[in-house]
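This report concerns only the one structure given below.
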Amino acid sequence: MRVSALACVSTVLSGAVVFAGMQGPRELTLADVLQRAAAYVAEFEVRLSSIVAEEAYVQDWSSVGPKGKTFARRELRSDLVLMKPASAESWAEFRDVFEVDGRVIRPRDGRLEQVLRERAGAASMGVGTILAESARFNLGDVDRNVNTPLFALRFLEAGNQSRFRFARRAGAGPTPTASTAGPADTVFQVSTEVWVIDYDEVRSGTLVRTARRKDQPAHGRFWIEPATGRVLASELVLDDRTVRATIEVSFQSEPLLNMLVPVAMRERCEGKKTGSIVEGRATYGRFRRLEP
């Protein structure tokens, strides 16, 4: 699991006068688009916090040991919700697994809604507790807790953007109404321009840490609609001496909610020392609003 200005010239032609100094709309800059993306993510997080999604998540793990190559698969079904603990500055995703490999592990109906309705109890949960619970059923020997579809959006929050170096990928903006390739060769249809923006985390005290609490700088890409700041896809890459992880997410419009929502996530984690590989594929549906 980075201005030109148009000037009008005064002239007289067939009695019509065009006044000097009139200009077309200012061309957007990267700073403009990042500011719009920050505002979009802030509103997106608040709106999505009242919505539960059902996640179907398949993880495959292959490894090579003394007895040869082994393979294992795990299939998870979960409820997924975005929540913000009282002591935290950022949002965190809570994955509440209710089925593992076809086996029901807890009653499902209304459980998550009840937990979240008890706002005092939900708010008292720390981010570490939420992440640990969300990663409890992960398969494989690669320790990870960022394999959730919205984690990378934290990098676009206004308070976190200064941690990163952003750059628009040259020549990446398609013409209007064109198809553009997103992560994992996902192709989405858009009716407007899309910017592909690379990012690299450059400040110490990174948002992702290793198991030993050392910095783990992130890099990757966002596919952003510059006119609105909407994020259509994200890519998160973590790479050090022991592991390389890539997490890619695609977003699509959900008409019933009148907003973009995550619809697919793909991950690949490679243990460089162990030779093990974890590949995951998740899809999201059955979006529903939390009952008051």
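Only the coordinates and a few stated rules stand behind these numbers; no lab work does. The structure displayed is predicted, hence computed values, not measured ones. Note that each Cβ is placed from the backbone with ideal geometry, even for glycine, and that neighbours are counted across all protein chains shown.
Starting from the Cα gyration tensor of the range 216-281, take the square roots of the eigenvalues, sort them a ≥ b ≥ c, and report rounded, prolate or oblate (rounded when a/c is under 1.5, otherwise prolate if a/b is larger than b/c, else oblate).
Oblate shape, in that a/c is at least 1.5 and b/c is the bigger or equal ratio.
In what sequence, highest mean first, do 135-146, 151-162, 69-80 appear when ranked by Cβ atoms within 10 angstrom?
Result, highest mean Cβ count within 10 Å first: 151-162, 135-146, 69-80.
So which chymotrypsin sites (Phe, Trp or Tyr not before Pro) in the range 194-265 end up in coil per DSSP with only 11 or fewer other C-beta atoms within 10 Å?
Sparse-neighbourhood loop chymotrypsin sites (Phe, Trp or Tyr not before Pro): none present.
Using the Karplus equation 6.51 cos²θ - 1.76 cosθ + 1.60 (θ = phi - 60°), what ³J(HN,Hα) coupling, rounded to whole Hz, does each residue of the range 217-227 give in order, writing x for Gly and Pro?
Listing the rounded values in order: x, 9, 8, x, 9, 10, 9, 10, 7, x, 5 Hz.
Are there trypsin sites (Lys or Arg not before Pro) in the range 203-288 that DSSP puts in a loop and that have at most 14 other Cβ atoms within 10 Å, and which ones?
Within the range 203-288, the qualifying trypsin sites (Lys or Arg not before Pro) (loop, at most 14 other Cβ atoms within 10 Å) are ARG203, ARG212, ARG213, LYS214, ARG241, LYS272, LYS273.
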